[in-house]
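Following: one structure in structure tokens, then a few remarks.
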Amino acid sequence: RIRETTPPPPPSAEEAAKARSTSRQAPDATQEKWGVEERALASVLAAKRLEVHAALCDSIDTPGALRALEQLLREANRYLNARTPATTNRPLILEIGRYYSRMLGVFGVTDTPDPERYSPFGVGAGVADGAAGGVDAAFAAEPLVECLAAFRDDVRQLAAGGADPQALLKLCDRLRDVELRALGVRLEDRPDLPARWAIVPAAELRVEAEAAEKAAAERGGVREAAQAKEAAVRAMRAVPAGQMFRPEHDARFGRNEPFSQWDEHGVPTHGADGTELSKGARKKAQKAYDKQNANQDS
């Protein structure tokens, strides 16, 4: 049965753009805070998805489906208006933006392909003279323009505050590794050459990002182990040579058993059981003593 109800007008271009922009209002792509408001909004998303599906299964009830989408958009905007970028749950907003954009395509409001399958730049990005098969140019350019505008704002703020070059370089790295990667752009630095870029599926970039994080963590573990070893060596060298064979320093120097007697310089003469050390053991201890003295003198 075809309903006689007049369907509400489809969202305007401005409303559609605002819905798309919700997925980019949080600066940190990993921000994911789940409180009461986030759980409530996630419940609204789940409920409205069911309502849209039920409406379309009911003789293609377009008015009902559009009403559910409008209510979802209203709740998402209410959530965003009550949040700062730092406290926004970006994954949740991204999911709402993807779903809303996908449904706009279903109703023919926009001919942009499913954002889950393609880069935000659309199919055929980079093809001259709009030969990308009718992709909405405003939608395609919007994420990149917002990304570069935010980058420019950050650079201006750092420059106005007299930031050092390292802060600016870190900002450039964040643009390459976080913002552009989230938009489906791989940017590679090359020594003495212009940077190389490519449009890459988001799934592939996620795999690359995970691999890079794992490699960085491994490098960090190796670096921490080296730093710990260096600190242990420094601690050993700080012990006076005359004290290095005392029981309180056995663990530091890797000895399993203490000595029981020492000469006037602190070099051990007897083992833990009171037995006199062999000539070779005494010679070895004297050599370690001399080396410790030399390390402290240097």
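Just a few scattered comments:
- Selection within region 192-201 - touching a residue at least 24 places away in the same chain (Cβ under 8 Å) and open to solvent by less than 50 Å² (accessible area, probe 1.4 Å): 200
- Within region 242-286, considering residues that are basic (Lys, Arg) and within 23 Å of residue 296 (Cα to Cα), the one surrounded by the fewest Cβ atoms within 10 Å (Cβ to Cβ): 283
Residues are listed down the side, and each one gets a yes or a no for (1) touching a Leu at 6+ places or on another chain (Cβ under 9 Å); (2) touching a residue at least 12 places away in the same chain (Cβ under 8 Å):
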residue: 184; (1), (2): yes, yes
residue: 190; (1), (2): no, no
residue: 206; (1), (2): no, no
residue: 210; (1), (2): no, no
residue: 216; (1), (2): no, no
residue: 226; (1), (2): no, no
residue: 239; (1), (2): no, yes
residue: 246; (1), (2): no, yes
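- Scan of region 49-90 for residues that are touching a residue at least 60 places away in the same chain (Cβ under 8 Å), under 24 Å from residue 202 (Cβ atoms), not in a loop (DSSP other than H, G, I, E, B) and not basic (Lys, Arg), ordered by number: 73, 85, 86
- Each residue in region 266-285 was checked for being over 54 Å from the mean Cα position of the chain (by Cα) and either among the β-branched types (Val, Ile, Thr) or assigned to a helix (DSSP H, G or I) (or both), and 8 pass.
- Region 210-241 - residue that is closer than 18 Å to residue 290 by Cα and not β-branched (Val, Ile, Thr) and, of those, least open to solvent (accessible area, probe 1.4 Å): 241
The values are calculated or read from the model by the stated rules, or taken from the named source; none is laboratory data. Here the structure is a predicted model, which is why all the values come from computation and not from measurement. All Cβ positions, even for glycine, are placed from backbone atoms using ideal geometry, and neighbour counts span all protein chains on display. We work out accessible area using only protein heavy atoms, side chains counted, and drop any ligands, DNA or RNA first. Shrake-Rupley method; radii C 1.70, N 1.55, O 1.52, S 1.80 Å.
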